[in-house]
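**Q** The structure follows.
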Amino acid sequence: MNLIQRIGYFSVGLFFGIIILIFFLGGKRTSCDYSPTARVLKNIRIKDRVFSKEAMAFFETHQLDTNAVSGILNNGSVDFGKSKTYIDPCKIYYISGEVNTKVLELQIENCDSIATVQLVKMLEN
């Protein structure tokens, strides 16, 4: 078997392998959230979100939309040093992110089926 035949067999096998992968994995919603920050943010994003009175007052006072929380949960960072991850049944996370050139810090209580935004603070740049 010469080199041209080997390349031909390899190409046919590669083609069918890719087709099979596309068929089996094509419709799945897969993601690669391996870092602790990404796992926490994804876990909070998929839950129902509730805002405390203090958090709603902050958003009204600073004329911000609560959709800013969604942006922070997509691109923010979790401060595990301040967070209380050892509390049961609900853990408390401090998540910071930038909204309209302002850095906001959220205190979120993460329970089994609901995530409550308890406090919102504006941090200095």
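Any read-out appearing in this document is the output of simple, stated calculations on the displayed coordinates, not a laboratory observation. Being a predicted model, the structure only gives us computed values, none of them experimental. Neighbour counts run over all protein chains shown; Cβ positions are idealised from the backbone, glycine included.
**Q** What spacing in nm lies between the two simple spin-label points modelled at LYS47 and ASN75, each 7 Å away from Cα in the Cβ direction?
**A** The modelled label-to-label distance comes out at 2.5 nm.
**Q** Taking the beta-carbon count within 10 Å as an exposure proxy, list LYS53, LYS47 from fewest neighbours to most.
**A** Going from sparsest to densest Cβ surroundings: LYS53, LYS47.
**Q** Calculate, axis by axis, the spread of Cα positions in the chain along the three principal axes, and write the results as whole Å, longest axis first.
**A** Its Cα atoms span 75, 35, 26 Å along the three principal axes.
**Q** In deg cm²/dmol, rounded to 500, what helix-only [θ] at 222 nm does the chain give when every DSSP H run of at least 4 residues adds -39500 (n - 2.57) and the total is split over its residues?
**A** Value at 222 nm, helices only, nearest 500: -13000 deg cm²/dmol.
**Q** Now for a different question. Extension gain LYS102-THR37, at 0.36 nm per residue separation less the Cα-Cα distance, in nm?
**A** Contour length minus the Cα-Cα distance gives 21.3 nm.
**Q** In percent, what relative contact order does the chain have, based on Cα pairs under 8 Å that are 6 or more apart in sequence?
**A** Once normalised by length, the contact order is 21 percent.
**Q** Can you tell me the order of 57-70, 101-114 when each peptide is scored by its average per-residue count of other Cβ atoms within 10 angstrom, highest first?
**A** Working: 57-70: 14.0, 101-114: 15.9.
The peptides rank, most packed first, as 101-114, 57-70.
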